[in-house]
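Take a look at the structure set out below.
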Amino acid sequence: MQPVQASIEQALTEQFTPMYLRVVNESHKHSVPPNSETHFKVTLVSEALLGKRQVQRHQLVYGALTEQLKGPVHALALHTFSPDEWAEEQQVPDSPHCLGGGKH
């Protein structure tokens, strides 16, 4: 079985032909068993996102990751950019640590 992170990367690469893609497993920041693949941060830069609002971009990503979101993926932090936006930004915020499930 393919690791979840790799399946996310593959699905997004096939759907968006990104000029930049970074998928980070942030499960260790949450109250989940060791080696879990449930919480991810995705930075996606693609021409396919040009002219689309953030909501539309997120809907496209969710559509590309239907299988992953049905099963193992519990949370997905999305940072989506057109190439021009990325040329100006080139950074994404750090994700907060989880405060639930006994981790404070």
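Just so you know, all these numbers are worked out from the coordinates, no wet-lab data involved. All of these numbers come straight from a predicted model, not from anything done at the bench.
Report the extension gain between Met19 and Leu50 in nm, rounded to one decimal, defined as 0.36 nm multiplied by the number of residues separating them, less their alpha carbon distance. List each step's numbers first, then the result.
Numbers: separation 31, 0.36 × 31 = 11.16 nm, distance 1.25 nm.
Extra length from Met19 to Leu50 when fully extended: 9.9 nm.
For the stretch 4-89, DSSP calls about 45 percent of its internal beta bridges antiparallel.
Using the eigenvalues of the Cα gyration tensor, what equivalent ellipsoid semi-axes result for the stretch 4-89 when each is taken as the square root of five times the eigenvalue, whole Å, largest first? Before the final figure, lay out each step's value.
Details: eigenvalues 107, 34, 24 Å².
For the stretch 4-89, the ellipsoid semi-axes come out as 23, 13, 11 Å.
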